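Okay, so here's the structure we're looking at.
The values are calculated or read from the model by the stated rules, or taken from the named source; none is laboratory data. Bear in mind the structure is a predicted one, so any value in this text is a computation, not a measurement. Here the Cβ is made from the backbone with ideal geometry for all residues, glycine too, and neighbour counts use every protein chain on show.
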Amino acid sequence: MVSGAPPGTMQGGNRTKDLKSRYGSWAPVTGVTSGIGQALVRQLAAAGMNVVTVARTRTALETQARALKAELNVEVRPVAADLSSSDGIQTVIDAVRDLEIGVETVEELPQADNGNLTK
């Protein structure tokens, strides 16, 4: 969890990064209703990033979006899509076309260090 980090930052060790200035104000995350995707979207939102949440189940996405908005005061754009199909991929592309997104791959994200994201 990102504790002690100011809004809009993720802290690790002695370094703190302003994610919005480095990556844009929105981060897309897939597989957000469980596991690693769910943990990553919470960390990004806790750091003040707005998130595009992508999974197959609309109901779970909407429930998660309400919780993230209420708990962390960020914007959330839930996108129900099956990324194993070209239609699902196009759905995501269409949903984010108007957003400032700088994080495109996991390799671009800060690395986890003791539960916090760093780079």
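Overview of values
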{"item": "Where a residue in segment 40-69 is closer than 14 Å to ALA81 by Cβ and free of Cβ contacts under 8 Å to residues at least 60 places away in the same chain and its partner, wherever it lies, is hydroxyl-bearing (Ser, Thr, Tyr) and surrounded by fewer than 21 Cβ atoms within 10 Å (Cβ to Cβ), with Cβ under 8 Å and at least six apart", "result": "VAL54/THR30; ALA55/THR30; ALA55/THR33; THR57/THR33; ALA60/THR33; LEU61/THR33"}
{"item": "Every residue from segment 56-103 that is under 15 Å from the mean Cα position of the chain (by Cα) and of a type in the set (Val, Ile, Thr)", "result": "VAL74, VAL76, VAL79, VAL92, VAL96, ILE101, VAL103"}
{"item": "In segment 68-96, residue farthest from VAL51 (Cα to Cα) [restricted to those that are hydroxyl-bearing (Ser, Thr, Tyr) and part of a helix (DSSP H, G or I)]", "result": "SER86"}
{"item": "Filtered residues of segment 22-39 (kept if under 16 Å from LEU83 (Cβ atoms) and small (Gly, Ala, Ser))", "result": "GLY31, SER34, GLY35, GLY37"}
{"item": "Which listed residue is at pLDDT 95 or above and exposed (fewer than 13 other Cβ atoms within 10 Å of the Cβ), from ALA81, ALA70, ALA55", "result": "ALA70"}
